[in-house]
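Peer 1: One structure is given below, represented as structure tokens, and several questions about it will come after.
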Amino acid sequence: MAFSFRNLLVFIALFHVSIVVAALPPCQTCGSPNESPPAPEAGTSPPEPEAPYASPPELAPIPPPDLSPEPSEEPSDDGVFDVTEYGAVADGVTESRLAFSAAWKAACDHPGNSTFYIPEGTFMLGPITFHGPCYNDLSPNVEIKGTLLAPIRLTAFMSLHWIAFKNLKGFTVTGGNETGKLDGQGEAEAWKQSSCEIAARCKKLVTSMFFINISHATIRNITLLNSKGFHLGLHQSNDINIYNVNIIAPEDSPNTDGIHVSKSSNISIFSSTIGVGDDCVSMGAGSNNISIYDVRCGPGHGISVGSLGKYNNEKDVVGISVRNCTINSTENGIRMKSWPGGRPSNAYNMTFEDILMINVSNPIVIDQEYCPSHRCKTTEPSLVKLKDILIRNISGTYNTKSAVTLLCSSDAPCENIRLVNISLNYLVPHTPRQGRFNIKGFLNGLQVINSRF
């Protein structure tokens, strides 16, 4: 619905919404509005309005980056297991899965520190899982100097991953001082599935790199491109640092999320560039204490929490921090999404701040009617509770009539939403401002402070 101060007065009466300051045109027939509080001085926090709810607690500091030294240009001879010494052929044609498996087994069984080494060259690699635990619980480091190619045909994949690491801890996947590449070759067949267009979700989604039950690991200096599905997935994992990672796919490639996190905790994603056909980063059910910092996102669908509420017994999402990011030419900026109807859960203590939007279609979105296939029972409200959300210091430009869209549930109202220092400029000049702030559903505690859009 279009937003104006006349609508706002009605909205406050019905839904208990608190608007503190909004740089929107005043209603000309509603009498003189109350004076807005003065803008806070630099370095001080804005005064808190009198309200019956508390501000969201501050998140824990962003974990420091992994400071272990970069590997040398060529690995040492001690404990290095080169896949070519086990039969892998760097011609881009010969399938080398058995050779990779043999090299991994030798590295995993090694009694000391070891490196699983992929030298320069192009290797055709079928679906493979690098299992642990390894000898004495010491996982090999993985160094990728070359390029790995996935099989083109979907029939080659019995499971929904290409390269998986499972039941391991305390290791690094790196391109060394350069950048190793993993090419999913999704454009050749996977993206052409008829289901991708009919249901807005491809029938068979193959994740390029999948971490399952991994702890205390680092991913750095690698490039993932053209995945058949998600590029990098983290599931039931914790204490993972991801940095200096490039993820690339065309903006029209279906379901090619950059990084998807689920049932995982203490994940840091920073100093990386992600441009794909879906969410740059998506945080699903069970994501806990996720920090995203200095990420350049675009093209794609932005940085998302969700989708949530689709499956039974989903774990809550708690402690999301998205800071100092640039989102460029994306369909959405920051978005929280849940399915109508669905199952109950919670998502709370989320902070999005110091974010630059460049030519973004929908910069700030809460969508509790998320249904990409348009086949949902949208009359059934979402049961996911969204609360304690701080969106602060968001600036830049957008190209639609919706700078801020809040589609909240009528059964589980959004609660304690704060928009602070939002400065977004519509790229189409000399048009009426009405309609830039769209609200639907029920909210309990909405503040808009020192903002214009």
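Peer 1: Could you please tell me the mean projected area of the C-alpha convex hull for segment 181-290, averaged over all directions and given in square nanometres to one decimal? Don't skip to the end; give the middle numbers.
Peer 2: Working: hull surface 24.6 nm².
Over every viewing direction, the Cα hull of segment 181-290 projects on average to 6.2 nm².
Peer 1: Further question: What is the dipole size for segment 252-324, taken about its Cα centre, with +1 at each Lys and Arg Cβ and -1 at each Asp and Glu Cβ, in debye to the nearest 20?
Peer 2: Around 200 debye, computed over segment 252-324.
Peer 1: If we count other beta carbons within 10 Å of each Cβ, what is the order of Cys325, Cys108, fewest first? All intermediate terms of the calculation are to be shown ahead of the outcome.
Peer 2: On the way: Cys325 25, Cys108 20.
Final ranking by Cβ density, sparse to dense: Cys108, Cys325.
Peer 1: Give the lysines whose C-alpha is closer than 19 Å to that of Lys203, dropping any in the same chain fewer than 8 places away, or say none.
Peer 2: Partners found: Lys192, Lys228, Lys310.
Peer 1: From Cα pairs below 8 angstrom and at least 6 apart in sequence, can you work out the relative contact order of segment 140-200, rounded to a whole percent?
Peer 2: 53 percent
Peer 1: Test of understanding: ordering Asp354, Asp278 by Cβ neighbours within 10 Å, fewest first, what list do you get?
Peer 2: Result, fewest neighbours first: Asp354, Asp278.
Peer 1: Compute the FRET efficiency between Asn393 and Val428 as 1/(1 + (r/R0)^6), taking r as their Cβ-Cβ distance and R0 = 22 Å, and round to the nearest 0.05.
Peer 2: Once rounded, the FRET efficiency stands at 0.35.
Peer 1: Based on the Cβ-Cβ distance of Asn136 and Ala102, what FRET efficiency does E = 1/(1 + (r/R0)^6) give at R0 = 30 Å, to the nearest 0.05? It would help to have the intermediate numbers written out before the result.
Peer 2: Working: r = 20 Å, r/R0 = 0.68.
For R0 = 30 Å, the calculated efficiency reads 0.90.
Peer 1: Between segment 141-215 and segment 299-352, what is the C-alpha centre distance in whole Å?
Peer 2: Cα centroid to Cα centroid, the span is 23 Å.
Peer 1: Now for a different question. Give me Met357, Met350 sorted ascending by neighbouring Cβ count inside 10 Å, so fewest comes first. Write down the numbers at each step before the final one.
Peer 2: On the way: Met357 29, Met350 25.
With the fewest neighbours first, Met357, Met350 line up as Met350, Met357.
Peer 1: A further question follows. Counting Lys and Arg as +1 and Asp and Glu as -1, what is the net charge of the other residues whose Cβ lies under 13 Å from the Cβ of His161?
Peer 2: +3
Where a number appears in this text, it was derived from the coordinates with a stated rule and is not lab data. Being a predicted model, the structure only gives us computed values, none of them experimental. Cβ sites come from the backbone with ideal geometry, for glycine too, and all protein chains shown count toward neighbours.
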